[in-house]
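This report refers to the structure that appears directly beneath it.
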Amino acid sequence: MAIETAQLHRLAHLARLDLPTAEEVRLAHDLDALLGLIAQLQNAPVDGVRPMAHPHEVAATLRPDRVSESDRSAALEGIAPEMQSGLFLVPKVIE
Amino acid sequence: MIALTLASQRAACAAGTDLLNDALQRAEAAAGLNALITLDKPAGVATTGGDLAGIPFVHKDLFCTTGQRTTCGSKMLANFVSPYDATIVERLAASGAVSIGKANMDEFAMGSSNENSAFGPVLNPWDTARVPGGSSGGSAAIVAANVVAFATGSDTGGSVRQPAAFCGVTGFKPTYGRVSRFGMVAYASSLDQAGVIARSAADCAEVLQVMAGHDPRDATSVDRPVDDYRAALDRGVRGLRIGLARELFSAGVRDAMQATVHAALRELEAAGAVLVDIDLPTLPLSIPAYYVIAPAEASSNLARYDGVRYGHRAADAKGLRDLYSRSRAEGFGTEVKRRILTGTYVLSSGYYDAYYLRAQQVRRLIANDFARAFADVDLIAGPTTPDVAFKLGEKTADPLAMYAADINTVAVNLAGLPAMSVPAGFIDGLPAGLQLIGKAFDESTLFTAGHALQSRTDWHLALAPGAVR
């Protein structure tokens, strides 16, 4: 199966990754090769096999409903690229 | 000179050596290996109290530390200083161990050679033209280089065991859930597990004793008692049944590697272990299953890097989508992009059943293979890697060749089992690793077997040409 340019652009869009044109051919080639590898799964005898999402089948643990975290906003603001008045800044979304 | 162990460090300390200064000097001497991204000079170190009091070590650079930056080997996090410490960072600090830096690694733990680091490749102390393995390449190289007695690592598909094998040291990957993942930067959350690299199984046991245990901050951390690993060391292997999995000695494994690992296993046999042949028939499908499941989880986990809250942010973005797309394009390296796109593909509408669901079904078959085998044996054994460390650049042009080299390690993560790589001898002067795989939460038996082997052999104490003397 060959990944077409339009398909690669669609994946890049879904993944929010800007792909330079220079990288497109190489990435499409690599993805093709990888899809060839994972195509081996198609012949596996999986009829009726329950999917395994996780190594342990344990129920989610519950904890008492009480405040356990202190206000860390100053520490978290300190590592943000752009902050103002306690808000994360992003480029203008609405004109 | 001798290989650094916890015992040798304690003896040196008792004889008056300033372990911290000594480690910093050793790190300077080994700087050419590029094994550390950040070298620290901790001040005001207490040398009393705690099981690992005063012992210098390094953390793989994906454990969050408030005192040092945590880069994950990525430009994305090149200047990131975490506002909190990982649980194992807290635990090791409480034990008195002293972190002197953060080890180089493949970006976001994606790689098997440490060539995917934004901070440059790590060189193997046994042959600087060769890779140290990955993704915990810096951790393995810094121990093999005799700079510190141990280093932390993480293992998603072999990232502790494979570099330990390539660098001639011992690498331990605990059962999934045995060690908290809180504060360990996520790659593939159902596979990731923190581990340790040291000279010996005995030293790994001591360090894991500190790291292991339930953590309410990690919902996948398991609440059950931690064994006394040190007590397990001297139990002996008499009567222990070790299964030699035919698939781990497959045609893809070099003849010399098969022979070397068989010879190491005969040492365990001579100590009283019983070797039996077993089969893990689905193991050949572990690579395709892994390269669906791990990228799928990675594409989801790495969605958080958006240039808004922390990490790299593109300049002069023209809108929100442009900010996301360019911050991620600039911050991530090629292998990370490859896995994000692969994960996006296998999870996308129309492909989910054919790839992701099917990979999860194959994962169950692999786990069932192990369960069947463990009804008859106590441990499973085979070579950690198909061959010794390869040359820098040898596999970078062909990602699939790089992935294929993980064939003997990834199944363990899919099943969530504990495993260890122990030095098993040399092939043309380069280290070979024996992998031992245990039942879930039976780390103790792995330590027993590893210590039994290392009580009869001294491969784990051999010093690499690039080691600091």
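Computed from the coordinates by the stated procedures, all read-outs in this text should not be read as laboratory data. Computed from a predicted structure; not experimentally measured. Here the Cβ is made from the backbone with ideal geometry for all residues, glycine too, and neighbour counts use every protein chain on show.
The spacing between segment B:334-376 and segment B:48-67, judged by their C-alpha centroids, is 34 Å. When peptides B:459-465, B:307-313 are ranked by their average number of other Cβ atoms within 10 Å per residue, the highest-first order is B:307-313, B:459-465.
Note on chain B: helix-only mean residue ellipticity at 222 nm, from DSSP H runs of 4+ residues weighted -39500 (n - 2.57) and normalised by residue number, equals -10000 deg cm²/dmol.
For segment A:44-95, what D do you get in µm² per second when you plug the Kirkwood radius from alpha-carbon pairs into Stokes-Einstein at 4 °C and 1.567 mPa s? Diffusion coefficient, whole number: 76 µm²/s.
Working ranking of peptides A:77-83, B:76-82, B:28-34 by packing, defined as the average number of other Cβ atoms within 10 Å per residue, highest first, is B:76-82, B:28-34, A:77-83. Basic side chains Lys and Arg get +1 at the Cβ, acidic Asp and Glu get -1 at the Cβ, and with that the dipole of the protein assembly as shown about its Cα centre reaches some 320 debye. Translational diffusion of segment B:81-138, estimated by Stokes-Einstein from the Kirkwood radius over alpha carbon pairs at 20 °C in a medium of 1.002 mPa s, is 169 µm² per second. Note on B:Ser455 and A:Phe88: the model spin-label points, each 7 Å out from Cα along the C-beta direction, lie 5.4 nm apart.
If r is the Cβ-Cβ distance from B:Ala263 to A:Arg10 and R0 is 51 Å, what FRET efficiency results, to the nearest 0.05? Computed FRET efficiency for B:Ala263 and A:Arg10 comes out at 0.45. Across peptide B:342-353, the average count of Cβ atoms from other chains found within 10 Å of a residue's Cβ is 3. Fully extending the segment from A:Asn43 to A:Ala2 would add 12.8 nm, taking 0.36 nm per residue of separation and subtracting the current Cα-Cα distance. Placing pseudo-labels 7 Å out from each Cα toward the beta carbon at B:Ala271 and B:Glu330 gives an inter-label distance of 5.4 nm. May I ask for the angle, rounded to the nearest 10°, between helix A:5-14 and the longest principal axis of chain A, with both axes built from Cα atoms and the value confined to 0 to 90°? The answer is roughly 30 degrees.
For chain B, the mean projected area of the C-alpha convex hull, equal to one quarter of the hull surface, is 21.0 nm². Semi-axis lengths, largest first, of the ellipsoid equivalent to segment B:168-273 are 30, 19, 13 Å, with √(5λ) applied to each eigenvalue of the Cα gyration tensor. Once the convex hull of all Cα atoms in chain A is built, its volume per residue stands at 274 Å³.
The share of C-alpha pairs in the protein assembly as shown whose separation exceeds 36 Å stands at 30 percent.
Taken over the C-alpha atoms, segment B:36-126 has Rg and Dmax values of 13.7, 39 angstrom.
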